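Asks: This is the structure, below, for whatever I ask next.
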Amino acid sequence: MTKSGQEHLASLRDGRSIYINGAVCHDSTTHRAFRNICSSAARLYDFANDPSRRELMTYETETGQRANRIWQLPASYEDLVQRRKALEAWTAMHGGFLGRAPDHVASCISGMRMGLPLFEGYDPERAKALEAYYRYARDNDLYLTYVIINPQADRSKGAGEQVDPYLTAGVVDRDAEGITVRGAKMLATGGVVANEVFVSTIQPLRPGEERYALSFAIPLNAKGLKILSRKSYEEQSPSVFDNPLASRFDENDAVLYFDDVKVPWDRVFIDGSIEMCQKQFHATPAHVYQNYQAMIRLKVKLEFLVGLAHRIANTNGVIQFPQVREILGQLAAEAAMVDAFVNALEAKGSQVGPYYVPDRHLCYAAQVLTQQMYPKILNSLRELAGGGMIMLPSSAADFANPEIAEMIDKTQQSPAASSRDRVKFYKLAWDAVGSEFGSRHHQYEMFYAGATFVTKGHSFRTYDWGKSEALVQAMLDSYELEPEAVAAVN
């Protein structure tokens, strides 16, 4: 069943250990570094739980209960499109700035569940654990994050070659109750607002590194689990007016350290299989399904950014300039390209057993191109805005001083907005593009799917080279070396 925002906030008051600014926080809902993002997450759940959006945001499960569509396993093209519409509506609430909103890792776990036969072939008991966990997460409307990357450390060496063999989270013990895990994983984006974390590895492991070949899920308040937060942009943004995005949508990123954390067997999906760690993502719909969700989110985010660009041109009174319309036309084409990718992913999808799954290669093609495109879009916004995003009042407090406010009214003029509306808008634009929060998103959109060589490798692996080669061969077969030409030379 779906939960309310207040129920989600209550679920976060679980005594988890978040380390920030030299201290430990046990309640993210009240801490000044996290309370606003917790409230933003609560608003997502209130939106989905609204009876007026029942058909949009929920579906009926095999038990007859309603569940959030983020857990839906589409059986048809129509199911997939209906689920996407729910994700678009949710994403619009944060403009695409929550990369690890609840729909992301839910998509990953749902994709793994679609590949249940693979797990049954690996280990029937681990398959039972996965199926039970999927139902538990769905039926309790859990907010999940994941950590599937190893700490960088010495990147020239594998996980098992580091100075500390337990730098990367690995198994130190097994018994009748479960496994004991020690070491670190990253990046727990959204960990401060999530209920549980899915822990695994998407990076290839080498023979001999079986201790790191894990896949499991645990609550974020598990005994011995420590959440090491980065700097909070929310904490540095006390005014919503001055930082409308950072103050409310800083989902945070964190390293998780497992200090001999006990994981019960009914939460363990893979134990010790290097091969299966890769297969859980790439031999099931999990990887394409989670990245299809990411492309839906990015589609909405680009629509938001293109809207900023158009408002900049209007605010500055340059919307009629041909060179400005050229920039806007380019941005519109790029946003439309991502929209087209999302629709094509669905239209070109295929049945995988009883489920309908988006097209794998188009998913990776979209990632390759959007990794290159996002920085260009930000640069276009900078070109349009010029100094407008920089020369702004120092803070909302300036408006409380009549002398300063009078000068602001004179110097922040616009043909399309009052001085205060102009300042309000440009504060938003700067937070999206140039603030520390905006810079983090620049980095995030370039690397959340992996380094560019990784996404290009996925594109290479999944493209239908045989079809292209067949076209080349057919053309070659359509002609021969002409005997007359050979005779003429002789």
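Asks: Which ³J(HN,Hα) values, rounded to whole Hz and listed in residue order, are derived for region 230-239 from phi using the Karplus coefficients 6.51, -1.76 and 1.60 in 6.51 cos²θ - 1.76 cosθ + 1.60 with θ = phi - 60°, glycine and proline given as x?
Replies: Values, residue by residue: 6, 4, 8, 6, 4, 4, 8, 10, x, 9 Hz.
Asks: Under 14 Å from the Cα of LYS376, which aspartates and glutamates turn up, not counting those fewer than eight places away in the same chain?
Replies: Excluding near neighbours in sequence, the set is GLU334, GLU445.
Asks: Choose one of ILE404, VAL423, LEU369: the residue whose Cα lies farthest towards the positive end of the charge dipole of the chain (beta-carbon charges +1 Lys, Arg; -1 Asp, Glu; about the Cα centre).
Replies: ILE404
Asks: Could you tell me the distance between the Cα centroids of region 348-379 and region 159-229, to the nearest Å?
Replies: Answer, in whole Å: 28.
Asks: Counting other C-beta atoms within 10 Å, which of GLU480, GLU125 has the fewest, and how do the rest follow?
Replies: The order, fewest Cβ neighbours first, is GLU480, GLU125.
Asks: Magnitude of the Cβ-charge dipole of region 286-470, K/R +1 and D/E -1, about the Cα centre, nearest 20 debye?
Replies: The calculated dipole for region 286-470 is roughly 300 debye.
Asks: Right, next: Taking 0.36 nm per intervening residue step and subtracting the Cα-Cα distance, what contour gain separates ALA10 from SER418 on full extension?
Replies: Using 0.36 nm per residue and subtracting the Cα-Cα distance, I get 142.7 nm.
Asks: Rank these for me by crowding, SER52, SER237, going from fewest to most other beta carbons within 10 Å.
Replies: SER52, SER237
Asks: If you put +1 on each Lys and Arg Cβ and -1 on each Asp and Glu Cβ, how big is the dipole of the chain around its Cα centre, in Debye rounded to 20?
Replies: Charge dipole, the chain, about its Cα centre: 940 debye, nearest 20.
Asks: A further question on this structure: Restrict the search to region 109-211; then list the trypsin sites (Lys or Arg not before Pro) that DSSP places in a loop and that have at most 11 other Cβ atoms within 10 Å of their Cβ.
Replies: Those that pass, being in a loop and sparsely packed, are ARG155, LYS157.
Asks: When the Karplus curve 6.51 cos²θ - 1.76 cosθ + 1.60 is applied with θ = phi - 60°, which whole-Hz ³J(HN,Hα) does each residue of region 328-335 get, with x for Gly and Pro?
Replies: 5, x, 5, 4, 4, 5, 5, 5
Asks: Just the Cα atoms of the chain: what Rg and Dmax do they give in Å?
Replies: For the chain, the Cα radius of gyration and maximum Cα-Cα distance read 25.1, 97 Å.
Asks: Please work out the C-alpha center-to-center distance from region 69-102 to region 437-490 and express it in whole Å.
Replies: 32 Å
Asks: Counting helices only, and only those DSSP H runs with n ≥ 4, report the 222 nm mean residue ellipticity of the chain as the sum of -39,500 (n - 2.57) divided by its residues, in deg cm²/dmol to the nearest 500.
Replies: -16000 deg cm²/dmol
Asks: Kindly put THR462, THR91, THR30 in sequence by how many other C-beta atoms sit within 10 Å of each C-beta, fewest to most.
Replies: THR30, THR462, THR91
Asks: Right, something else. Could you work out the relative contact order of region 286-470, using alpha carbon pairs under 8 angstrom and six or more residues apart, expressed as a whole percent?
Replies: 25 percent
Asks: Output ³J(HN,Hα) for region 309-315: one whole-Hz value per residue in order, computed from phi by the Karplus curve 6.51 cos²θ - 1.76 cosθ + 1.60 with θ = phi - 60°, and x for Gly and Pro.
Replies: With the stated coefficients, region 309-315 comes to 4, 5, 5, 4, 5, 5, 4 Hz.
Asks: To continue, here is another question. Let's see if you can work this out: charge +1 on each Lys and Arg Cβ, -1 on each Asp and Glu Cβ, no other charges. What is the dipole magnitude of region 5-282 about its Cα centre, in debye to the nearest 20?
Replies: 420 debye
Asks: Tally the DSSP beta bridges in the chain and give the antiparallel ones as a percent, rounded to 5.
Replies: 80 percent
Asks: Sticking with this one: Just name one of ALA246, HIS8, ILE218: the one whose Cα is farthest towards the positive end of the charge dipole of region 5-282 (beta-carbon charges, Lys/Arg +1, Asp/Glu -1).
Replies: It is ALA246.
Asks: Could you check the spin-label model distance between SER239 and GLU406? Points 7 Å from the Cα along Cα→Cβ, value in nm.
Replies: Those two pseudo-labels are separated by 2.0 nm.
A short reminder: the numbers here are calculations on the coordinates, not readings from a lab. Just so you know, these numbers come straight off a predicted model, no measurement behind them. All Cβ positions, even for glycine, are placed from backbone atoms using ideal geometry, and neighbour counts span all protein chains on display.
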